[in-house]
Amino acid sequence: MILVTGGAGFIGANFVLDWLATSDEPVLNLDKLTYAGNLHNLDSLQGDPRHVFVQADIGDSATLARLLAEHQPRAIVNFAAESHVDRSIHGPEDFIQTNVVGTFRLLEAVRQYWSGLPAIKKEAFRFLHVSTDEVYGTLHADAPAFTEVHPYEPNSPYSASKAASDHMVRAWHHTYGLPVLTTHCSNNYGPYHFPEKLIPLMIVNALAGKPLPVYGDGLQVRDWLYVKDHCSAIRRVLEAGQTGQTYNIGGWNEKPNIDIVHTICALLDELRPRADGQSYRAQITHVKDRPGHDRRYAIDARKIERELGWKPAETFDTGIRKTVQWYLANADWVASVQTGAYRDWVSKQYETA
Ligand code: NAD
Ligand code: DAU
């Protein structure tokens, strides 16, 4: 089996669902269930014996040691993190605790487990760390996209904490020989995206008749990848990546934020027109910029294509249409996330590990 951490969050849940749709290898899913973790994302796996969920913290060494000894995973995919830049600006402490201290404790528990494996299993074992393009910092408008050798220049508490975790993962490989793989992906979007992030926030606010808050001039550029393409890239790196290597993952979809918001408005105008006949664009409001806001991210994804033969399946046009349609079809999911009702359900349904 494989151990997935953070598998109740946006990308982790998509990964677990995709994994079990394409393979029968069981998943041990370890997630603390912070505000961002939602077991409803995994509703379709209820009663599936291939999915074992445990509510736990990656910083809880004793629980990690027990679970590793009990379940003997052949690989770990580490998604668990605090992930929202704006929250990291308001309160960096949680980011240091999970992304830095938590990753350290996870690495140590894994190292201990891995050291005790028989030679063949030790050789085959993999620890895949899911990082971000944000560790590379910001790009000028005409600069080439980030390659894997771009210097680390993190600018937010979030990206600094992810950079720290990447450095530890690298060091655990060089010092202890732990067979690690690190991926750096650009901005994801798709089903189960928590509506604090740009794309789901704009869809949800538009439908609720609320303002669409664009930071500053809205000309900051992000490079978008449909979440299921990120999942397929991680599966490919896990399968064929070279240990100690890092892989950039992206879809060659650089877009200014304001264009993203206009695209969402156009799709909603088509699929769920406003009652008053006006465009959703009327709800766009420019608000105060994010402090230290990175101007542009762009991923050069040639290495993963060249070495591992991976390419995204979705274009931005197909992916964003699917995403808007998913939010229109899943108003209950949005409502439960917003009211926190899913949290009550979780405490009734599960015990803390
Ligand atoms: P998310 O915030 O939606 O989910 C994070 C999950 O981790 C949640 O289920 C949460 O409960 C869990 N978690 C948090 N702290 C934990 C802890 N201490 N122990 C165990 N579980 C914990 O995040 P996401 O957008 O799904 O991102 C997943 C990973 O991918 C993160 O490492 C993030 O840095 C990285 N990443 C995200 C993007 C993106 O666009 N969202 C892009 C590139 C990389
Ligand atoms: O690049 C990968 C990263 O993408 C991941 O590592 C992070 O976990 C993920 O949250 C994301 O970070 P961003 O800061 O790029 O994503 P966010 O959705 O918060 O913002 C995208 C852009 O939209 C950014 O330039 C800020 C802007 N924005 C965001 C919000 C929430 C707005 O203009 N208005 C908003 O209300």
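Computed from the coordinates by the stated procedures, all read-outs in this text should not be read as laboratory data. Since the model is a prediction, treat every value here as computed from it, not as a measurement. In this analysis, Cβ positions are derived from the backbone assuming ideal geometry, glycine residues included, and neighbour counts consider all displayed protein chains.
For the reader, a short list of remarks on this structure follows.
- Straight Cα distances below 21 angstrom link residue 303 to the lysines 228, 311, with same-chain residues fewer than 8 positions distant left out.
- Net dipole in debye of segment 241-331 [+1 Lys, Arg Cβ; -1 Asp, Glu Cβ; about Cα centre; nearest 20]: 140 debye
- Partners of residue 32 within straight-line reach, counting aspartates and glutamates whose Cα lies under 13 Å from its Cα and excluding those fewer than 8 residues away in the same chain: 57, 60, 82, 94, 351.
- Computed over the chain, relative contact order equals 19 percent, with contacts defined as Cα pairs under 8 Å that lie 6+ residues apart.
- Relative protection proxy for 178-185, 162-169, 60-67, from highest mean packing down: 178-185, 162-169, 60-67 (other beta-carbon atoms within 10 angstrom).
- With distances taken between every two different alpha-carbon atoms, segment 154-259 has a Kirkwood hydrodynamic radius of 16.1 Å.
- Segment 227-278, dipole about Cα centre (Lys/Arg Cβ +1, Asp/Glu Cβ -1), debye to the nearest 20: 220 debye
- Toward the positive end of the charge dipole of the chain, with +1 on the Cβ of Lys and Arg and -1 on the Cβ of Asp and Glu, the farthest Cα among 282, 293, 180 is that of 180.
- Charge dipole (debye, nearest 20) of the chain; +1 at Cβ of Lys and Arg, -1 at Cβ of Asp and Glu: 240 debye
- Cα→Cβ-extended label distance, 7 Å offset, between residue 335 and residue 286, nm: 3.7 nm
- Options 242, 198, 7, ranked by Cα towards positive dipole end of the chain, top entry (Cβ charges): 242
- Selection among 310, 125, 156 by position relative to the dipole of the chain gives 125 as farthest towards the positive end (Cβ unit charges, Cα centre).
- Ratio of the Cα radius of gyration of segment 95-137 to 2.2 N^0.38 Å, where N counts its residues: 1.46
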